[in-house]
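Let me begin by presenting the structure, written as structure tokens, before commenting on it.
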Amino acid sequence: MTDAELAFKTGSIFNKKITSAFWSSFKGKYGRVQVEVLVFLLEVESAQASEIVKELNISKQHVSLILKEFISDGYVKVVSNPNDKRSNLVSITKSGQEFLNEHIEISNQVFNEIVSKMSEEEKKKFLDSMDTIYTLLNNVE
């Protein structure tokens, strides 16, 4: 197996066993792309709509519709950009953070159930490995 195949398969199994619980917990009102917008805003605190378009690789029109719905639901707010009065910044509201946290908790329960089946040594290796992967990938530009 090549390095790229291992990376793909690792991501695939991690998604299947761990993060799929998070994404599937939104069944109903919001789709994955909409949730990705909220998650992105949670990570960056605020962004211009154009940054959301670029980062998530979705159309301006789609971002506009998503933001309109989230504003209506009280999950995001738009304020004037203090560094450039010609643009606006979008940020997640406390209500939006609470909404995401409810779904993150569902994922946490699934994660804890999986990890509870591991020995202490396996759990430590697994968590250390995740920390290493996160750190390394986070530092790559």
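Computed from the coordinates by the stated procedures, all read-outs in this text should not be read as laboratory data. Just so you know, these numbers come straight off a predicted model, no measurement behind them. Backbone-built Cβ (ideal geometry, glycine too); neighbour counts: all protein chains shown.
Miscellaneous remarks
- The trypsin sites (Lys or Arg not before Pro) found in the stretch 1-68 that occupy coil by DSSP, while having at most 11 further C-beta atoms within 10 Å, are Lys27, Lys29.
- Between 0 and 90°, nearest 10: helix 120-138 axis offset from the chain longest Cα axis: 40 degrees
- Two-site FRET efficiency, Ser95 against Asp131, from Cβ-Cβ distance with R₀ of 41 Å, rounded to 0.05: 0.85
- Among residues other than Lys9 with Cβ under 15 Å from its Cβ, the summed charge is 0 (Lys and Arg +1, Asp and Glu -1).
- Equivalent ellipsoid semi-axes - Cα gyration tensor, the chain, angstrom: 32, 18, 14
- Ordered by the count of other Cβ atoms within 10 Å of each Cβ, fewest first, Phe70, Phe22, Phe111 give Phe111, Phe22, Phe70.
- Sorting Asp128, Asp73, Asp3 from the fewest to the most surrounding beta carbons within 10 angstrom yields Asp3, Asp128, Asp73.
- Computed from Cα positions, the angle between helix 32-44 and the longest principal axis of the chain comes to roughly 90 degrees.
- Straight-line cross-link partners of Lys9 among the lysines, defined as a Cα under 23 Å from its Cα and at least 8 positions apart when in the same chain: Lys17, Lys117, Lys123, Lys124, Lys125.
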